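Any read-out appearing in this document is the output of simple, stated calculations on the displayed coordinates, not a laboratory observation. The structure presented is a predicted model; accordingly, all values stated were derived computationally and were not measured. Don't worry about glycine lacking a Cβ; one is built from the backbone with ideal geometry, like all the others, and counts go over all protein chains shown.
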Amino acid sequence: MVFRCAVHNMKLLTHNMLTSKCMKGVTVGYPLGIVAKDIKVSETEFNSEFVSRIIPKLDWNALWKAADSIGHSGDLPQQLMEDYENNEEFLKKVHHVLLEVEIINGELVCPESGRKFPISQGIPNMLLNEDEL
Amino acid sequence: MTGFATRKVVRKVKKLTSMLHRESGIECCEEPTKYLFIGNAGLTTGLQRECLVPHFTKYGIVDDVVMIPVPTVENKDWHNGPPGSVVLENFVNETEEEILLHCIDWGTSDSGQHLKHRRVIHYGYEFQYHNNNINKDEPLKDKIPEECSVLFDRLKQMGYITSCPDQLTINQYLPGQGIPPHIDTHSACEGTILSLSLGSSVIMEFKHRDGQSMSLLLPQRSMLIMSGEARYAWSHGITPRKTDIMPCPGGGLSVQNRGVRTSFTFRWTRKDKCICSYHLECDSYNEKESSEQNDAGATELEKLHVHKVYEDIAEHFSETRHKPWPNVLDFVQSFPKGSVLVDVGCGNGKYFGQNKDIYEIGCDSSWNLSSLCKDRGFQVFTCNCLALPLRNDSADACISIAVIHHLANENRRLKAVQEIVRVLRQEGMALIYVWAKNQEYNNKKSSYLKQNWHNRKSKCNKTNAHEPPVVNAEEEKSQTEKYSKFSESSSFSLPLHTNRTQFLHKDVLVPWKLKPQSQKLQTAEVRTFYRYYHVFEKQELEDLCLREKNVELVKSFYDQGNWCVIIKKK
């Protein structure tokens, strides 16, 4: 992806893939809750084909919930519409939520255990302690 | 002489006389005395004593020629080698020497070959220089020539041997050629190795891992016997040069030109495991010993010798990550728009940014490296590769370059592969690179090895992924393999690898010398860090991946000292 600014923090597309299922005692561990202390909204180059190809790989619900929980869902629909490939308007909204909303500092929270994974300087720390493996 | 020339000469004379005074206390004066100092001419410039004497006797009687001792050759004893070494002078006469040299058929023998540095031929079994081991599985058609039996009879008579060797390697060295220091792999052959020197004398260099070195004169037609400690614990080698500094029969030192030396090295192939007491250099012993750390041990070992080290060396390490490898680039660039690529053990994100159409996420256990990756504009998070916090079936592509060889037992290496496969989407593909035990393949040395030997002194811009550029060539030269235990609470008895040489063991600690400027410490000392590696044998990575049930092997290859696979999730 071509990004205009040099540095990027955790994007919601990345968040969509993260889970705490690898932890001992956690069955699902998804989606991770977000506690956002610092958010940044950046501008990145839009590519409709890219977005439409990414959409089927997403957990749409998790994406919407994550965006909503940090107040950046905009008017992104809670349900994924059909025939989105040709809907430029829609794709742009998805693009914005996926790639232009970034968490600089905050936490990711395991929905089952409540375990918090810090995000500092845009980097989530998912390293587990020995007893969590 | 012009004015300029005289000034130059005067300057040079001044420099030499002050050096003489500094090194020996001898003062030069303007008036002639009966002592004449010849400067800028000595052993290292190749001036031979034999040249000097006739040159000056024209002018008067030469009482004596005295060489000012050079610190490195002072107090050297060329007549004694390490314990267990014996040189039998005049072992064969000139006629026998001729016969032996003539029995070699360089052209038509089974395994005659022309190595870059010297000519080599094997009889009985092939001795493989890439790992200093004997290929016992494929005995050669040609056995040791009959002409050699006189040597064995003689040695038996003298009481040095009781049976005949079954392996012979003949090396022919032209002046300027040599052989790098090595220890013949313990499990390859028995405790006695013989070396007959024909055609020319040479100085052989022995080194012990604790730093001791010895130079041993091997006169022409002498038989060297290496046994016990000399065979098991000292490396032997011949410096590639055209002359040797040698003791003169009458005393003093001289420079001898080398002639063409042909060595006959006889070995007894070993049928069983080595049971010597020189454990540190013993592959049989270490194979047994470094069998599998349990998980607790492995965790501790990786914590100390992988995770902590990368945190400490992150900046310097990142600086030395240069050109991405072509095969990895090809793989990354083969994925279509909208693909998701995960780099497990991404380091500073070396392989990101090469395909503008895909979404790349990196993860690494090192915060410092991840930070550098993020600063370069990429998505990254920290985690352990044994527990990837990623959803099942979420990645189209995965790469893991030079990562799983840092895992300290087989179960963990398998787990890392399983995690990668779990994260891959169906039909998704992964590329895995691990360091190979064999750094020379198809007779080509890896770029890691090529930095050794002649290339050391030249500036190396190309750096192998696992190596820092040479900090100080001289310093590296004197580095010998050392052994030490780490941490009182654990007992990691692992051999220390010598950089830019072949691997002798499968589980090793590899040094990384940290550049002083990059250090956060105040001292200017060069700190050495040790990273744990399990180096892979041929097939090993393939077999590991195929243990995971829904894996299909797409491609398997060797790339610059690494074993590599591309696998697909079925």
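Observations, loosely collected:
- Using the Stokes-Einstein relation with a Kirkwood hydrodynamic radius computed over Cα pairs, the translational diffusion coefficient of the stretch A:27-76 at 4 °C and a viscosity of 1.567 mPa s comes to 101 µm²/s.
- Exposed-loop-free span, longest in chain B, where GluC sites (Glu not before Pro) count as exposed if DSSP calls them loop and at most 14 other C-beta atoms lie within 10 Å: B:90-291
- Peptides B:240-247, B:137-144 ranked from most to least packed give B:240-247, B:137-144, packing being the mean of other C-beta atoms within 10 angstrom over each peptide's residues.
- Normalised by 2.2 N^0.38 Å, where N is the number of residues, the alpha-carbon radius of gyration of the stretch A:1-51 equals 1.48.
- Average partner coverage of B:349-358, which counts Cβ from other chains inside 10 Å: 2
- For the residues of A:123-133, the average number of beta carbons from a partner chain within 10 Å of their own beta carbon is 5.
- Once the Kirkwood radius over Cα pairs is known for the stretch A:10-132, the Stokes-Einstein relation at 10 °C and 1.306 mPa s delivers a diffusion coefficient of 106 µm²/s.
- Computed from Cα atoms alone, the Kirkwood hydrodynamic radius reported for the protein assembly as shown is 29.8 Å.
- On the principal axes of its alpha-carbon atoms, the stretch A:66-133 has extents of 48, 25, 19 Å, going from largest to smallest.
- Across the stretch B:279-337, the convex hull enclosing all Cα atoms gives 215 Å³ per residue.
- Shielding value for A:25-31 is 1, the average number of Cβ atoms from other chains within 10 Å of each residue's Cβ.
- Over all pairs of different C-alpha atoms, the stretch B:309-381 has a mean inverse distance whose reciprocal, the Kirkwood radius, equals 12.4 Å.
- Building the convex hull from the alpha-carbon atoms of chain B and averaging its projection over directions returns 34.6 nm².
- Two-site FRET efficiency, B:Asn93 against B:Gln333, from Cβ-Cβ distance with R₀ of 60 Å, rounded to 0.05: 0.35
- The relative contact order of the stretch A:10-132, computed from alpha carbon pairs under 8 Å that lie at least 6 residues apart in sequence, is 37 percent.
- Net lengthening on full extension, B:Asp393/B:Tyr59 (0.36 nm per residue, minus Cα-Cα): 111.0 nm
- Once C-alpha pairs closer than 8 Å and six or more residues apart are averaged by separation and normalised to the residue number of chain B, the relative contact order reads 11 percent.
- The helix-only estimate of mean residue ellipticity at 222 nm for chain B, built from DSSP H runs of length n ≥ 4 each weighted as -39500 (n - 2.57), is -6500 deg cm²/dmol after division by the residue total.
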